[in-house]
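Enquirer: Please read through the structure below; I'll follow up with questions.
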Amino acid sequence: MTILISGGDVVDPEKGEVRKKDILVEAGKISGIFSPGEFVKTESQLRIIDVSGKIVVPGLIDMHVHLREPGEEYKETIATGAMAGAAGGFTGLACMPNTIPANDNSSVTEFILQQAYKANILRVYPIATITKGRKGEILTEFGDLRNAGAVGVTDDGSPVISSEIMRRALEYARYHNLTVISHCEDTALSKGGVMHEGTVSAQIGLQGIPSESEEIMVEREISLARLTGCPVHIAHVSTSGSVEAIRRAKEKGIQVTAETAPHYFSLDHSAVIGYNTNAKINPPLRTPDDIQAIREGLAEDVIDVIATDHAPHSPLEKNLEFDKAAFGIIGLETALPLTMALVRDGVLSLPAAIKKLSHAPASILGVCGGCIEKGASADLAVIDPEWEYVLKEEDILSRSKNSPFIGRTLKGRNIITMVEGRIVWSRDTEHISG
Ligand SMILES: [Zn+2]
């Protein structure tokens, strides 16, 4: 079927423009982009979707998601995570390899792609491990993993402690065209910590994780990128010191890119007060000054990407004493409204915000998407910027409900998600169609 997405404000993140356009979708592709009134209907089999007053963006791409399959399907599956992603406006998800077993060989990578194919909702990009079993000792077979469909490597959840192994990982990854994503944490320094080390941890008596445990490793990765001349991507930046280090590295022309997650520009460490385990994350929520630095880093393009670090956990891991609860929160269904808040606050223009959620991660991972142009795959999301709602647990599609934003009023909501010309999600009917 041919579809005309008519009357929306279309965001071009590359050009930094928002223009009223009609988008014609045929055979999975964008076959034409028209100014208002320019399109002339010639065939009868045309479905017109009127999106006047709404925003049309390239399908969002989340480069940091934990889909938990294989091994922890009670928390999330590739299918449930993909559905939650589609509801959040995402058309592509890059899934982290800390599954059980870890994605450290081509059979796991192939399994993930098969499950994504069966789910048939959105694009899933497997990220494989850097080292066997994420133990930091023996490099995985990067060539095999790339051939099986992996687009990047990381030991996320854990750092690669050995600088020598990380150096070789950067070199081999460039050779095999894989993006290296670094989870920056000096575990000797963070050991035993459950929240940010600062005034709140002292006040409520919890062991802290100092900002330096992240920053020391960010500095090391920058040094290794300089040494090797190879690119490195820094995951989930949470501190002002990390932003400053990345800014300096970029000024020197070192090939470093970085992401942060919506919770790091939306919540500070006081969210932990009351021992709320849905505010327990690694890296932890930091201080208001860190939030300010993250926002500046986004505005100045020191931080290239907004990724969710979607980390589903069941009540078994979260309804525990704070010290014992698992780290991590879900994020696929809240990333867009939390980012739209940055637009309303004047931190980012709308195209700049959408770029960090689509074009930038696509280009860092070397995958398709992130632009609306003739001939491109019709991967799109339609946003109602005025839709205000209270996030309710029962509305969350992810299999896990561990969000610190439940009960919060959010504004700006995805209403239609299209992947390859097929509507995989729409807010009106709340089911898959097409
Ligand atoms: Zn991580």
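The values are calculated or read from the model by the stated rules, or taken from the named source; none is laboratory data. Small disclaimer: the values here were computed from a predicted structure and weren't measured. Every residue, glycine as well, gets a Cβ built from its backbone with ideal geometry; the counts of neighbours run over all protein chains shown. We work out accessible area using only protein heavy atoms, side chains counted, and drop any ligands, DNA or RNA first. Shrake-Rupley method; radii C 1.70, N 1.55, O 1.52, S 1.80 Å.
Enquirer: Treat region 127-269 as a sphere of radius equal to its Kirkwood radius over Cα pairs and apply Stokes-Einstein at 37 °C in a medium of 0.692 mPa s; give the translational diffusion coefficient in µm²/s, rounded to a whole number. Provide the component values of the computation, followed by the final result.
Expert: On the way: Rh = 15.7 Å.
Diffusion coefficient, whole number: 209 µm²/s.
Enquirer: Further question: Using a Gaussian network for the chain with springs between C-alpha atoms less than 10 Å apart, which of these wobbles most: 317, 394, 420?
Expert: 394
Enquirer: Check residue 180: other-chain or 5+ apart residues with amide H under 5 Å from its amide H, H built from backbone geometry?
Expert: Long-range HN contacts for residue 180: 153, 233.
Enquirer: For region 20-119, what Kirkwood radius comes out of the mean inverse Cα-Cα distance, in Å?
Expert: On the way: mean 1/r = 0.0614 Å⁻¹.
Kirkwood radius, region 20-119: 16.3 Å.
Enquirer: Using a 1.4 Å probe, what is the accessible area per residue for the chain, in Å²? Numbers along the way, then the final one.
Expert: Details: 16700 Å² over 434 residues.
Spelled out: the 1.4 Å probe surface of the chain, per residue, equals 38 Å².
Enquirer: While we're on this one: Between the alpha-carbon centers of region 373-396 and region 75-89, tell me the distance in whole angstrom.
Expert: Spelled out, the Cα-based centre of one part sits 13 Å from the other.
Enquirer: Let me make sure I get this right: for region 340-434, a, b and c are the square roots of the gyration tensor eigenvalues over alpha carbons, sorted descending. Under 1.5 in a/c it's rounded, otherwise prolate if a/b > b/c, else oblate. Which is it? Present the calculation step by step, with values, prior to reporting the outcome.
Expert: Values: a/c = 1.81, a/b = 1.25, b/c = 1.45.
The shape class here is oblate.
Enquirer: Taking all protein chains as present, what is the carbon and sulfur share of the accessible area of the chain, in % to the nearest whole number, probe 1.4 Å?
Expert: On the way: 8100 of 16700 Å².
Percent of accessible area from carbon and sulfur atoms in the chain: 49.
Enquirer: Label-point separation (nm) for residue 393 and residue 244, each offset 7 Å from Cα along Cα-to-Cβ?
Expert: Between residue 393 and residue 244, the simple spin-label model gives 4.1 nm.
Enquirer: While we're here: Filter the GluC sites (Glu not before Pro) in region 98-178 down to the DSSP loop ones having no more than 15 other Cβ atoms within 10 Å, then list what survives. Can you show the working numbers first?
Expert: Working: sites: 110, 137, 141, 164, 171; in loops: 137, 141.
Filter output for region 98-178: 137.
Enquirer: Quick check: convex hull of the Cα atoms in the chain, volume per residue, rounded to a whole Å³?
Expert: Taking the convex hull of the Cα positions in the chain, it is 127 Å³ per residue.
Enquirer: Amide H of residue 387 versus every other amide H placed in the peptide plane: which residues, excluding those fewer than 5 positions away on the same chain, fall under 5 Å?
Expert: 412, 413
Enquirer: Something else: Once the other residues with Cβ under 12 Å from the Cβ of residue 4 are scored (Lys, Arg +1; Asp, Glu -1), what is the net sum?
Expert: Local net charge: -2.
Enquirer: Could you sort the peptides 37-50, 396-409 by per-residue average Cβ neighbour count (10 Å cutoff), highest mean leading?
Expert: On the way: 37-50: 10.4, 396-409: 19.4.
In descending order of packing, they fall as 396-409, 37-50.
Enquirer: At a Cα cut-off below 21 Å, give the lysines reachable from residue 392, other chains included and same-chain residues fewer than 8 away excluded.
Expert: By straight Cα distance, residue 392 reaches 75, 280, 318, 401, 411.
Enquirer: Taking the 0 to 90 degree range and rounding to the nearest ten, how far is the long axis of helix 106-119 tilted relative to the main principal axis of the chain, both from C-alpha atoms?
Expert: 40 degrees
Enquirer: Choose one answer from 368, 184, 95: the residue with the largest mean-square fluctuation in a GNM of the chain with alpha-carbon springs under 10 Å.
Expert: 368
Enquirer: Tell me which residues come under 5 Å, amide H to amide H, from residue 281 once H is placed; ignore anything under 5 positions away on its chain.
Expert: So residue 281 has HN proximity to 328.
Enquirer: Still on this structure, please answer the following. If you build a Gaussian network model of the chain, linking Cα atoms that sit under 10 Å apart, which residue out of 215, 388, 296 swings the most?
Expert: With Cα springs under 10 Å in the chain, the top fluctuation among 215, 388, 296 is at 388.
Enquirer: Please report, for the Cα atoms of region 224-307, the Rg to one decimal and the Dmax as a whole number; what are they, in angstrom?
Expert: 13.7, 46
Enquirer: Also, I was wondering about something else. Using a 10 Å cut-off on Cβ atoms, rank the peptides 18-31, 322-335, 76-89 from the highest mean neighbour count down. Mind dumping the intermediate values first?
Expert: Values: 18-31: 17.6, 322-335: 22.0, 76-89: 26.5.
Descending mean neighbour count gives 76-89, 322-335, 18-31.
Enquirer: Just need the relative contact order of the chain here, percent rounded to a whole number, with Cα pairs under 8 Å and 6+ apart. Could the numbers behind the result be given before it?
Expert: Numbers: 1072 pairs, mean separation 85.8, N = 434.
Relative contact order, the chain: 20 percent.
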